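Q: Just dropping this structure here.
The values are calculated or read from the model by the stated rules, or taken from the named source; none is laboratory data. Note that the structure is a prediction, hence the values are computed from the model and not measured. All Cβ positions, even for glycine, are placed from backbone atoms using ideal geometry, and neighbour counts span all protein chains on display. Heads up: the accessible areas ignore ligands, DNA and RNA and are worked out on the full protein's heavy atoms, side chains in. Shrake-Rupley method; radii C 1.70, N 1.55, O 1.52, S 1.80 Å.
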Amino acid sequence: MAGQSGYILVIIIGVLVLGGLTYMNIRKISQSTGDLTPLKKRTLLWTEISLALFVIQFFFRDRQGGFLLFFGILTLFTGAHYLGVLYYTQKKG
């Protein structure tokens, strides 16, 4: 049982760190004055890659599902960045 609680604690800490990074990056994007098109393309590419890895892992996962959870969190992280860049790109016109 101790191993399971450590695993859950690491996941929670990882999600909190990624959430903080996402918040900081979205705030910086909202204050930027440059062209966001290259950033939008990069974040879309990384979102597609992480989603593809998530789907592959979903179909070929092992019993624990650790990588499935990792790629799911990674997909949420990159997707949040892409949606933030997309929002501010449309807001700036």
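Q: Tell me, in nm to one decimal, what length is gained between residue 4 and residue 70 on full extension, where the rule is 0.36 nm per residue of separation less the Cα-Cα distance? Each step should come with its number before you reach the end.
A: Working: separation 66, 0.36 × 66 = 23.76 nm, distance 1.57 nm.
Between residue 4 and residue 70, full extension yields 22.2 nm more.
Q: Oh, and also: Suppose R0 equals 41 Å; then what is the FRET efficiency for residue 12 and residue 35 from their Cβ-Cβ distance, rounded to the nearest 0.05?
A: Working from the Cβ atoms, E equals 0.65.
Q: In the chain, what percent of the accessible surface is made up of carbon and sulfur (1.4 Å probe, ligands and nucleic acids excluded)? Walk me through the numbers before you get to the answer.
A: Working: 4960 of 6960 Å².
Summing carbon and sulfur atoms, their accessible area is 71 percent of the total for the chain.
Q: Per residue, what accessible area does the chain have, given a 1.4 Å probe and all protein chains present, in Å²? Working shown, then result.
A: Values: 6960 Å² over 93 residues.
Per residue, the chain has an accessible area of 75 Å².
Q: How far apart, in nm, are two points set 7 Å out from the Cα along the Cα-to-Cβ line at residue 62 and at residue 24?
A: The two pseudo-label positions are separated by 3.2 nm.
Q: Further question on the same structure: Rounding to the nearest 10 and keeping the result within 0 to 90°, find how far the Cα-based axis of helix 37-59 lies from the longest principal axis of the chain.
A: It is inclined by approximately 20 degrees.
Q: Under a plain spin-label model, where a point goes 7 Å from the Cα along Cα-to-Cβ, how far apart in nm are residue 51 and residue 90?
A: Here the answer is 1.5 nm between the modelled labels.
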